[in-house]
Amino acid sequence: MTDQPLLSQLCSICNNNASKYRCPGCSARTCSLPCYKRHQQWAQCSGKRDPTKYVKRSQLATPAGIDHDYNFIAGIERGVDRAEREVIERGISSNDEGRKGPTSGSNYEKHLQDAGVIIDKAPKGMSRERSNNTHFDKRKKRIVWTVEWVHEDQTRELDEVRETLSLSEAYKELLARKQPKSKKRKTRSAPFTSTSAVSDSINEPENGVRDISAIDVTTEIVGESADNSTISPESPTIEPALEGRPNEATHGNSKDISPAPSGFHFYLVKPHTSSSRRVLIPLSNEATLSTGLRGRIVLEFPTIHALFKPPESLPSEFQLEDDYLDQELKE
């Protein structure tokens, strides 16, 4: 009696012999191959382990858990290899027809070839691929690049830059578009005296262009007149005059608007490197995108860092391209 196995240790199919095997799919116990095949027919079990099945944390860092993850990744790689072989054998085109970018034989493609820029396309559906709005301006026959600017504080911002524009001017325009909004809103809320007072202060020369430099937009109103002569900042009689001189009236005093900070150094990010640090390629401030990107590889669109540090004193998280190439040769 003591030599007989427990009922829970018997084969779940024949219930006669002790179980020797466990099904990877449902953990059913069987004693032989015929019983295992009969189990698959009865239970409609595929016998394959479910990779999404919950696993306890204590079982992750074990040989069995590591083998499970490795086999899952290896299975994906085998599936990709089989699909690639089938594409080659059957002559199926794997090009993404609906993707943005230059088409074969187009002016866009010819212009890129002349510029010597190699675009490495990101997988379709990735955020970088969706954010790429680089296009060819047919009227002016130039490329308008989508550029990812990385500021000194490591914040990122996308902008569209003409290939003929210098990096310093492009970055200055980017900062200038962000600056005047608060100034414009603040100046428009400044009080005005009256229609007659403002109209008297506007000089109309012979050429018909109004000069509002003499308008005192800081005049304070002590009290609202009874005849409602005070006008609001949104009055249509004043708004055209403000729009005529954006530097003085609309944007306020030009001295209050901080110009683009000087002393910036621009660096192009080199993609697909084995370094743990970000590899940077120094660019001249006066260089245009067409000259700075010549002979370079970009991932969908260029990523450019704007840093105060010169190339000889970059922070530790960055590495120059020359140093990276020397390190690769030594290894």
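The values are calculated or read from the model by the stated rules, or taken from the named source; none is laboratory data. Quantities reported herein were computed from a predicted structural model and do not represent experimental measurements. Every residue, glycine among them, receives a Cβ derived from its backbone with ideal geometry; neighbour counts consider all protein chains shown. The accessibility values were calculated without ligands, DNA or RNA, using every heavy atom of the protein model including side chains. Shrake-Rupley method; radii C 1.70, N 1.55, O 1.52, S 1.80 Å.
Which residues, taken from segment 49-64, are aliphatic (A, V, I, L, M) and open to solvent by 80 Å² or more (accessible area, probe 1.4 Å)?
Result: Leu60, Ala61.
May I ask you to verify whether Arg78 is open to solvent by 60 Å² or more (accessible area, probe 1.4 Å), of a type in the set (D, E, K, R) and not in a helix (DSSP H, G or I)?
Criteria not met by Arg78.
Quick one: in segment 105-121, which of the residues that are more than 17 Å from the chain's Cα centre (by Cα) and not in a helix (DSSP H, G or I) is surrounded by the fewest Cβ atoms within 10 Å (Cβ to Cβ)? Spell out how you get there, then give the answer.
Looking only at segment 105-121, we keep the residues that are more than 17 Å from the chain's Cα centre (by Cα), and these are 105-118.
If we keep only those that are not in a helix (DSSP H, G or I) too, we end up with 105-106, 116-118.
Numbers: Gly105: 8, Ser106: 12, Gly116: 12, Val117: 21, Ile118: 12.
Per the stated criteria, the residue is Gly105.
Working carefully through the options Ser262, Ser274, Ser284, find the one that is over 26 Å from Asn132 (Cα atoms), of a type in the set (S, T, N, Q) and either open to solvent by 50 Å² or more (accessible area, probe 1.4 Å) or modelled with pLDDT of 90 or more (or both).
Only one candidate qualifies: Ser262.
For residues that are open to solvent by less than 70 Å² (accessible area, probe 1.4 Å), in a strand (DSSP E or B) and out of contact with any Leu (no Cβ under 7 Å at 6 or more places or on another chain), tally how many sit in segment 158-176.
Result for segment 158-176: 1.
Scanning segment 142-157 for residues that are open to solvent by 20 Å² or more (accessible area, probe 1.4 Å) and closer than 15 Å to Leu289 by Cα, which turns out modelled with the lowest pLDDT?
Arg142
Of the numbered conditions (1) modelled with pLDDT of 80 or more; (2) closer than 30 Å to Glu317 by Cα; (3) open to solvent by 90 Å² or more (accessible area, probe 1.4 Å), Lys124 satisfies every one except a single condition; which is it?
Of everything listed in (1) modelled with pLDDT of 80 or more; (2) closer than 30 Å to Glu317 by Cα; (3) open to solvent by 90 Å² or more (accessible area, probe 1.4 Å), Lys124 misses just condition (1).
Here are some residues: Ser12, Ser46. Which one is surrounded by 14 or more Cβ atoms within 10 Å (Cβ to Cβ) and either touching a residue at least 60 places away in the same chain (Cβ under 8 Å) or in a loop (DSSP other than H, G, I, E, B) (or both)? First the steps, then the outcome.
Values: Ser46 fails: surrounded by 14 or more Cβ atoms within 10 Å (Cβ to Cβ).
Step by step, each of Ser12, Ser46 is checked, and only Ser12 is surrounded by 14 or more Cβ atoms within 10 Å (Cβ to Cβ) and either touching a residue at least 60 places away in the same chain (Cβ under 8 Å) or in a loop (DSSP other than H, G, I, E, B) (or both).
Could you run through segment 297-309 and say how many residues are assigned to a loop (DSSP other than H, G, I, E, B) and buried (at least 18 other Cβ atoms within 10 Å of the Cβ)?
Just the residues of segment 297-309 that are assigned to a loop (DSSP other than H, G, I, E, B), to begin with: 300-302, 308-309.
With buried (at least 18 other Cβ atoms within 10 Å of the Cβ) added as a condition, the list becomes 300-302.
So the count comes out to 3.
Within segment 149-179, restricting attention to residues that are basic (Lys, Arg) and free of Cβ contacts under 8 Å to residues at least 24 places away in the same chain, which residue is farthest from Ala115 (Cα to Cα)?
Step by step, filter segment 149-179, then rank; the result is Lys178.
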